[in-house]
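The structure under discussion appears below in the form of structure tokens.
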Amino acid sequence: MAGVSVTFTVNGREVTATVDPRTLLVHFLREHLKLTGTHIGCDTSQCGACTVHLDGRPAKSCALLAVQLEGAEVTTIEGVAGPDGMHPMQAAFKEHHGLQCGFCTPGMVMMGIDIANRHEAPDEATIRRELEGNLCRCTGYHNIVASIAAGASSMRG
Amino acid sequence: MTRERHYIPESRQREKPKSKYFAIGHSMKRVEDTRLLTGSGTYADDVSLPNMAHAAVLRSPHAHARIVSIDKSKAEALPGVLCVMTGAEAAEVTGPCADFSSPPTTQHCIAVDKVRHVGETVAAVVAESRYIAEDACELIEVEYDPLPAVVDLEEAVTSTGDAVLHPERGDTNVAHHRVIDFGTVDEDFAQADLVIERRLRWPRSGGTPIETVGATAHYDRGTGKFTIHANTSMYNYVGWLIAVSLKVEPHRLNIVPTDAGGSFGSKLFCHKVCTLAGTLARAAGRPVKYLEDRIDNMTSGDAHGSDRVYDAKLALKRDGTMLSMRLKVIDDYGAYFQYGVGQHGNAMAQVTGPYKINSVQVDLTAVFTNKCQQGAYRGFGSEVGNFVIERLVDAACEELDIDPIEMRRQNLIEQDQFPYIMPTGNMYDSGNYQAVLDEALGMIDYDGWRQKQAEAREEGRYIGIGISTCQERSVFSATEFWMWNPNETPGFTLSSSPESVSVNIDPTGKAFITLNAPFWGNSPETMAVQVLAEKLEMDPSDISVGYADSDKGFNSSGPGGSRFTVMIAGAVSGAADVIKEKMLRVASHMLEADPSDLEFRNGSIGVQGVPGKEKTLAEVALHAHYFRLDLPEDHDLTSGIDAAYVYDHPVTTMPSEDRTDLGIFYPIVGHMCHIPVVEVDVETGKVDFLDYVAVHDCGTMVNPMTLAGHVRGGTVNGIGSALYEHFHYDENGQLQNALLSDYLHPTPMETPVDIRVGHVETPSPFTEYGIKGGGEGGRMGAPPAIAAAVEDALKPLGVKVDSLPLTPKVLRGMIREAEANGG
Ligand code: FES
Ligand code: FES
């Protein structure tokens with residue numbers, strides 16, 4: 001299979017690679033770039049464990065081909081924190097016990113940051129509605145919702 | 001060893017519950033979180049070895065068929081393919097998968113001769129990439145000769161001929177049948193004024209964590225040794241059985257645990273995936289990763305939950321006094337039988353619930369069908385027992401016109417009856433069931449909701465209030481796996497189920513704890529840190545935790561059966577005692593004081609009653625590590641400070657020969673009361689939660705924050721089981737919902753806005769600090785409470801809830817039927 005060259009930005013760094021055109025973005029991130037914080041849970045775009053930011057909006061990286069991303073900007077869980085370690089949304093998840101096994105968590109955090117970006121002070125119902133594409137089997141969502149509300153408020157400062 | 005019936009061993013508790021703790025009981029933030037939140041966890045698919053190849057499997061499209069021929073030539077010719085393996089080829093080098101049933105049941109990591117369920121592996125491909133491996137699977141040509149598919153559990157009882165899945169086990173699909181009377185059942189039924197009878201159906205669901213199962217195996221030809229990285233558990237307990245399957249000596253297999261992205265029981269052993277990856281790595285001569293995709297996990301993950309039909313009877317006096325039960329149960333185990341009827345051993349731990357019921361008869365039939373086999377799912381069979389008894393109790397309330405709360409108050413075991421030996425012989429160590437009920441009723445405003453319910457009914461709205469008062473047994477003992485086995489083939493009657501840790505104090509006085517079981521999605525590191533900090537009055541941030549592989553680990557059963565926190569606490573506490581003693585001896589020389597005059601205080605060891613006369617742990621540690629010649633000549637005062645400790649099950653006894661007394665095997669028993677308030681939309685069949693209270697008594701709480709997390713998460717699993725989840729096989733044995741698009745987990749929209757969690761703390765007299773396990777409780781209490789709430793909501797229509805899940809479609813059908821009957 002002929003490879004296709006693609007250039008895009010991942011976590012602020014430009015990446016150029018020649019990929020099999022059918023390579024999914026999630027596999028490109030995990031296997032070529034070793035960014036294993038983005039997870040695969042369902043293969044069919046139900047669970048949201050693979051959520052990244054694509055040009056500032058959340059996207060399920062299992063439902064995108066790497067070659068679609070020419071010129072795009074991608075941020076993964078590894079790219080959200082400043083040099084001091086944790087993004088306020090990550091800190092809120094720790095503070096509010098928003099994770100147990102942690103497998104859905106990168107997707108939840110990416111989604112949480114996006115919710116905070118789009119809503120002034122997201123209330124409980126808004127957060128739940130926005131999370132319809134993210135599954136968590138551990139927490140029962142209660143603390144995830146609380147974490148996102150708190151994270152959104154600390155992002156506003 | 002024969003013992004008198006109902007002998008209770010003496011408590012081995014060394015750390016009594018305290019009124020004030022240093023670290024235990026605090027909602028400390030989790031130690032595990034930072035790595036998991038930053039994407040630095042190492043889950044099964046995150047393992048990458050040099051020169052690693054990838055595997056995919058070809059799944060059977062048939063529920064039951066003979067494999068006539070397999071042509072793999074086209075697949076092998078595909079560029080990038082390294083090897084293609086059939087079951088027959090694998091069986092030349094690898095034996096059957098580990099299996100705990102007795103008589104044994106043969107399962108291979110790749111099916112040999114016959115497939116027994118849809119999704120079973122028929123061939124496996126190793127290739128340079130997963131993409132190529134999957135392409136190659138499509139090029140394998142298999143000819144099948146279909147056999148009759150057995151799908152219905154009651155029909156399975158009478159299957160014959162070609163419909164029998166395992167003819168080598170006998171010419172029937174009945175995998176197991178045994179009837180046991182625990183206590184004076186006939187006499188107690190003879191005294192009854194009435195007998196409540198219900199036919200109850202518990203559906204097949206599963207843990208279905210968001211992460212599937214995976215293993216990356218390497219075979220070193222130079223040493224003949226396998227290394228397998230996997231999200232397995234029990235690898236330091238029975239992991240050596242995977243070496244037996246791979247036909248190497250156990251010391252030639254090292255199992256390295258990865259983080260698990262959730263388990264809920266489903267990753268209890270994962271031996272098939274480990275065995276497959278090992279087999280393929282040896283054949284391919286390269287490290288191989290095999291990760292189940294979602295369909296593999298749902299159709300062939302060996303982790304479906306209980307699937308039972310009960311004819312259940314409860315005998316009572318007219319005043320509501322419960323006397324005895326008769327349970328006739330058929331359980332659909334699917335195509336294999338990996339843990340035998342361990343799930344029913346488990347259910348016997350609390351089969352009569354929290355009630356003063358004198359006796360019980362259990363008539364148990366396990367059948368083979370052409371479905372994915374059962375494994376473990378949060379409750380391991382006991383959650384079904386809770387559903388059954390609570391449905392019977394609610395039916396009795398209806399029949400006798402007794403309020404469900406009064407009925408429970410009257411029959412709950414009283415506080416002065418502990419330790420309580422229940423009819424099967426298991427012990428309930430301690431409890432205060434009335435206090436749990438009081439707390440829950442206080443939190444929910446029961447009378448207020450009854451008032452609102454009445455008003456809503458006036459408006460044509462259907463609000464219901466349900467209540468469950470259930471046991472949550474914790475800390476399994478291994479006897480549960482084999483106690484039901486036939487006397488002629490008792491199986492491997494093991495009685496050990498220990499947990500171990502090692503603790504090192506480094507030269508600067510900081511601690512490192514090594515666990516011998518994996519991170520399974522709960523909080524083992526946080527638990528271990530809190531217990532060690534408590535013992536050494538040490539800053540928790542000075543302690544870190546790691547996980548031993550099977551080369552370095554020692555006997556540890558691992559998480560499961562809500563045992564890990566209790567067992568880690570026992571092991572850490574034991575290791576800490578060794579460490580303390582040594583540190584005191586070293587400090588006594590440094591301080592020139594008798595060890596018995598010294599105490600641990602806030603990061604130091606000091607002379608009691610003499611403030612300021614102390615040495616920091618760092619000073620003591622440095623001395624112990626590097627200044628041997630300053631210490632006396634005792635040979636056992638070696639350099640350094642470290643300890644390993646094996647903590648055996650705190651209190652367990654053997655079953656009697658005839659099994660009418662199963663002994664003590666699940667004795668650390670918590671209790672809960674769940675009260676959901678639901679509203680049923682009779683037009684759509686949708687169930688909404690208006691309120692939800694869950695009060696648990698898990699003894700001394702190590703960390704109230706993480707315990708509440710478990711209660712909420714488990715409750716939502718229970719909501720899934722009660723309202724949405726069901727592996728649906730059609731009459732041909734095709735699994736209709738093998739994806740998360742149609743196997744419906746609750747999402748944030750289906751879960752209560754707030755599950756309000758309350759706690760009562762009745763310490764166990766048998767465990768360190770009085771801790772009890774709480775990992776499974778939510779799922780063990782929610783389904784009966786929700787069933788009761790829905791039934792209560794639809795009371796005006798006369799709807800009875802005898803089976804789960806109550807999906808909108810099912811509920812609409814029930815409502816329609818009730819309306820047609822003039823309800
Ligand atoms: S893996 Fe992308 S949504 Fe599940
Ligand atoms: S924390 Fe385990 S799936 Fe969400």
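The values are calculated or read from the model by the stated rules, or taken from the named source; none is laboratory data. On a predicted model such as this, the values are computed, not experimentally measured, just so you know. Cβ coordinates were reconstructed from backbone atoms using ideal geometry, including for glycine residues, and neighbour counts include every protein chain displayed. Quick note on the areas: whole protein, heavy atoms, side chains included, nothing else; ligands and nucleic acids left out. Shrake-Rupley method; radii C 1.70, N 1.55, O 1.52, S 1.80 Å.
Looking only at strands (runs of 3 or more DSSP E) that lie completely in the stretch B:506-617, which have at least 1 residues being within 26 Å of B:C270 (Cβ to Cβ)? Write out each step before concluding.
Numbers: elements: B:511-515, B:543-547, B:598-601, B:604-607, B:614-616.
Here the list reads B:511-515, B:543-547.
Of everything in the stretch B:562-597, what is open to solvent by less than 10 Å² (accessible area, probe 1.4 Å) and either on the phi > 0 side of the Ramachandran plot or in contact with a Ser or Thr (Cβ under 8 Å, 6 or more places away or on another chain) (or both)? Give them in sequence order. Can you show your working first?
Filtering the stretch B:562-597 down to residues open to solvent by less than 10 Å² (accessible area, probe 1.4 Å) leaves B:563, B:566-576, B:579, B:583, B:586-587.
Hits for the stretch B:562-597 are B:R563, B:V566, B:M567, B:A569, B:G570, B:A571, B:A575.
When B:V57, B:V84, B:V68 are screened for being in contact with an Asp or Glu (Cβ under 8 Å, 6 or more places away or on another chain), in contact (Cβ under 8 Å) with a residue 24 or more places away in the chain and open to solvent by 40 Å² or more (accessible area, probe 1.4 Å), only B:V68 passes. When A:S5 is tested against (1) in contact with a Ser or Thr (Cβ under 8 Å, 6 or more places away or on another chain); (2) within 16 Å of ligand 2 (Cβ to nearest atom); (3) among the small types (G, A, S), just one condition goes unmet, and that condition is (2). Considering the stretch B:217-235, and only residues there that are of a type in the set (S, T, Y) and touching a strand residue (DSSP E or B) at 6+ places or on another chain (Cβ under 6 Å), the residue that is farthest from B:A281 (Cα to Cα) turns out to be B:Y235.
Being farther than 30 Å from B:D401 by Cα and open to solvent by 50 Å² or more (accessible area, probe 1.4 Å): is that true of B:T172 here? Show your work before the answer.
On the way: farther than 30 Å from B:D401 by Cα: yes; open to solvent by 50 Å² or more (accessible area, probe 1.4 Å): no.
In short, no.
Taken over the stretch B:209-251, the criterion of being open to solvent by 10 Å² or more (accessible area, probe 1.4 Å) and of a type in the set (D, E) is satisfied by B:D220, B:E249. Does B:N717 count as of a type in the set (S, T, N, Q) and either free of Cβ contacts under 8 Å to residues at least 40 places away in the same chain or closer than 19 Å to B:V790 by Cβ (or both)? Spelling it out, B:N717 is indeed of a type in the set (S, T, N, Q) and either free of Cβ contacts under 8 Å to residues at least 40 places away in the same chain or closer than 19 Å to B:V790 by Cβ (or both).
Going by the conditions given, is B:V112 open to solvent by less than 40 Å² (accessible area, probe 1.4 Å), touching a Lys or Arg at 6+ places or on another chain (Cβ under 9 Å), farther than 26 Å from B:E488 by Cβ and in contact (Cβ under 8 Å) with a residue 12 or more places away in the chain?
Details: open to solvent by less than 40 Å² (accessible area, probe 1.4 Å): yes; touching a Lys or Arg at 6+ places or on another chain (Cβ under 9 Å): no; farther than 26 Å from B:E488 by Cβ: yes; in contact (Cβ under 8 Å) with a residue 12 or more places away in the chain: yes.
No: the conditions fail for B:V112.
Considering B:P518, B:P486, the condition of being open to solvent by less than 40 Å² (accessible area, probe 1.4 Å), more than 27 Å from B:A621 (Cβ to Cβ) and within 14 Å of chain A (Cβ to nearest Cβ) is satisfied by B:P518 alone. Among the residues of the stretch A:128-135, none qualifies, meaning not one is open to solvent by 30 Å² or more (accessible area, probe 1.4 Å), more than 8 Å from every other protein chain (Cβ to nearest Cβ) and of a type in the set (G, A, S).
Considering the stretch B:732-746, the residues that are of a type outside the set (G, A, S) and open to solvent by 30 Å² or more (accessible area, probe 1.4 Å) include one that is nearest to the other protein chains (Cβ to nearest Cβ), namely B:L739.
Within the stretch B:447-480, restricting attention to residues that are of a type in the set (K, R) and either at pLDDT below 95 or open to solvent by 20 Å² or more (accessible area, probe 1.4 Å) (or both), the residue that is nearest to B:V436 (Cα to Cα) is B:R450.
Which count do you get for residues in the stretch A:32-55 that are more than 8 Å from every other protein chain (Cβ to nearest Cβ), under 24 Å from B:L739 (Cα atoms) and surrounded by fewer than 20 Cβ atoms within 10 Å (Cβ to Cβ)?
1
Somewhere in the stretch B:751-762, is a residue more than 25 Å from A:E95 (Cα to Cα), more than 10 Å from chain A (Cβ to nearest Cβ) and open to solvent by 30 Å² or more (accessible area, probe 1.4 Å)? No: zero hits. Of the residues screened, B:L291 is not one that is more than 14 Å from every other protein chain (Cβ to nearest Cβ), at negative phi and touching a residue at least 60 places away in the same chain (Cβ under 8 Å).
Would it be correct to say that A:G79 is touching a residue at least 60 places away in the same chain (Cβ under 8 Å), of a type in the set (G, A, S), surrounded by fewer than 23 Cβ atoms within 10 Å (Cβ to Cβ) and within 30 Å of B:Y743 (Cα to Cα)? So A:G79 does not fit the description; no.
Here is a yes/no grid of residues against (1) away from ligand 1 (no atom under 13 Å from the Cβ); (2) within 17 Å of the chain's Cα centre (by Cα); (3) open to solvent by less than 30 Å² (accessible area, probe 1.4 Å); (4) at the interface with chain B (Cβ under 9 Å from one of its Cβ atoms):
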{"position": "A:T16", "(1), (2), (3), (4)": "yes, no, no, no"}
{"position": "A:V19", "(1), (2), (3), (4)": "yes, no, yes, no"}
{"position": "A:R57", "(1), (2), (3), (4)": "yes, yes, no, no"}
{"position": "A:T75", "(1), (2), (3), (4)": "yes, yes, no, no"}
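Restricting the search to the stretch B:433-463, which residues are in a helix (DSSP H, G or I) and charged (D, E, K, R)? Spell out how you get there, then give the answer.
We begin by selecting, within the stretch B:433-463, every residue in a helix (DSSP H, G or I); these are B:433-444, B:446-458.
Hits for the stretch B:433-463 are B:D438, B:E439, B:D447, B:R450, B:K452, B:E455, B:R457, B:E458.
In the condition set (1) away from every other protein chain (no Cβ under 14 Å); (2) open to solvent by 40 Å² or more (accessible area, probe 1.4 Å); (3) modelled with pLDDT of 95 or more, B:D688 is compliant with all but (1).
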